[in-house]
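The values are calculated or read from the model by the stated rules, or taken from the named source; none is laboratory data. The structure displayed is predicted, hence computed values, not measured ones. When we count neighbours, we look across all protein chains shown, and the Cβ atoms used for this are built from the backbone with ideal geometry, even at glycine.
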Amino acid sequence: MLLHGALGSKEQLAALALKLKDKYVVHTLNFNGHGGRPFSEKPFSIASFGDDVLNYLQENNIEKLYVFGYSMGGYVAMWLARYYPKKIEKVITLATKFYWDENVAAKEVKMLDAETIEQKVPAFARQLEARHSPNDWKEVLGKTKDLLFMLGTTDVLQLHGFENNIKVPCLLLWGEKDKMVTREETEDMQAQLFYAAFEVLPGTPHPLEQVDMTILAATIAVFLD
């Protein structure tokens, strides 16, 4: 299963799914409120997005699967491995920010101002509008800001003080040119896990659209095999 990031949709993972489909049965989904999927009654949260995955598994009679998560999707994947390990065979994350506090959250939220986006990056505003239609992209943005604030004040994964509480095999990927996620925080997460590997994707920035999908698919396949 491929999980998209914040403000994203499953369509962004179509190219990766295409690279993997000859070897695996690939599943994708939109988290609630994303990609035109209706908002649920619950606020945006890692747990509610995790529930989206669990509901998908139940609806499709899937007992266990591999999960790849990009950015926030990787955080959701780790949450599933933490609290529902019997459902998760292995986890791969890319560009996932694991370190959050109030200052980090405030910095990220500052970049999610709708008026600023419309004025300074109108192409991105149009992209968000098309991606989330018929939902209001500004509502998606607002709910995402609330999620980031929550991450800044709540230890969602609860890793510290619970040694080896994620025993699902994990591969943490970090892009060499990622300006949002640091190598140090990714390696720190690796050190807290029971069984985890860390790899650098050379020359790779944070945006998924700039990731070499051929290299990413090959890296995923090596780990899953």
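If I filter the stretch 178-192 for residues that are of a type in the set (Ser, Thr, Tyr) and under 23 Å from Leu148 (Cβ atoms), do I get at least one hit? Full working, then the answer.
Restricting attention to the stretch 178-192, the residues satisfying the condition of being of a type in the set (Ser, Thr, Tyr) are 182, 186.
Keeping just the survivors that are under 23 Å from Leu148 (Cβ atoms) gives 182, 186.
Yes, the stretch 178-192 contains at least one residue that is of a type in the set (Ser, Thr, Tyr) and under 23 Å from Leu148 (Cβ atoms).
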Worksheet entry | Failed item, numbered, when Asn32 is tested on (1) more than 24 Å from Ser133 (Cα to Cα); (2) in a loop (DSSP other than H, G, I, E, B); (3) touching an Asp or Glu at 6+ places or on another chain (Cβ under 7 Å) | (1)
Discussion item. Quick check on the stretch 92-103. Is at least one of its residues closer than 22 Å to His206 by Cβ, in a helix (DSSP H, G or I) and modelled with pLDDT under 95?
Written reply: yes
Item to complete: Check Phe198 against each of (1) assigned to a helix (DSSP H, G or I); (2) closer than 19 Å to Ala81 by Cα; (3) free of Cβ contacts under 8 Å to residues at least 40 places away in the same chain; (4) touching a helix residue (DSSP H, G or I) at 6+ places or on another chain (Cβ under 9 Å) and name the one condition it does not meet.
Response: (1)
Worksheet item: Which one is surrounded by the fewest Cβ atoms within 10 Å (Cβ to Cβ) among residues in the stretch 1-22 that are without any contact (Cβ under 8 Å) to a residue 24 or more places away in the chain and small (Gly, Ala, Ser)?
Response: Ala14
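Pick from Leu148, Leu193: which is out of contact with any Lys or Arg (no Cβ under 9 Å at 6 or more places or on another chain) and surrounded by 16 or more Cβ atoms within 10 Å (Cβ to Cβ)?
Leu148
State the number of residues belonging to the stretch 127-138 that are crowded, with 16+ Cβ neighbours inside 10 Å and assigned to a loop (DSSP other than H, G, I, E, B). Break it down into steps so the answer makes sense when it comes.
Within the stretch 127-138, the first condition is being crowded, with 16+ Cβ neighbours inside 10 Å, and the residues that meet it are 128, 131-132, 135, 137-138.
Narrowing further to those that are assigned to a loop (DSSP other than H, G, I, E, B): 135.
Of the residues in the stretch 127-138, 1 are crowded, with 16+ Cβ neighbours inside 10 Å and assigned to a loop (DSSP other than H, G, I, E, B).
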Practice prompt. For the stretch 1-11, name all the residues that are in contact with a strand residue (DSSP E or B) (Cβ under 8 Å, 6 or more places away or on another chain) and not in a strand (DSSP E or B).
Written response: Met1, His4, Gly5, Gly8, Lys10
Worksheet item: Looking at the stretch 116-126, is at least one residue part of a loop (DSSP other than H, G, I, E, B) and either closer than 26 Å to Ala197 by Cα or free of Cβ contacts under 8 Å to residues at least 40 places away in the same chain (or both)?
Response: yes
Worksheet item: When only residues in the stretch 166-186 that are surrounded by fewer than 17 Cβ atoms within 10 Å (Cβ to Cβ) and not in a helix (DSSP H, G or I) count, which is modelled with the lowest pLDDT?
Response: Lys167
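Name the residues in the stretch 54-73 that are outside any loop (DSSP other than H, G, I, E, B) and more than 23 Å from Asp225 (Cα to Cα), would you?
So the first thing to find is which residues in the stretch 54-73 are outside any loop (DSSP other than H, G, I, E, B), and the list is 54-59, 65-70, 72-73.
Residues satisfying the conditions are Leu54, Asn55, Tyr56, Gln58, Glu59, Met72.
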Worksheet item: Checking Gly142 against (1) at negative phi; (2) assigned to a loop (DSSP other than H, G, I, E, B), which test does it fail?
Response: (2)
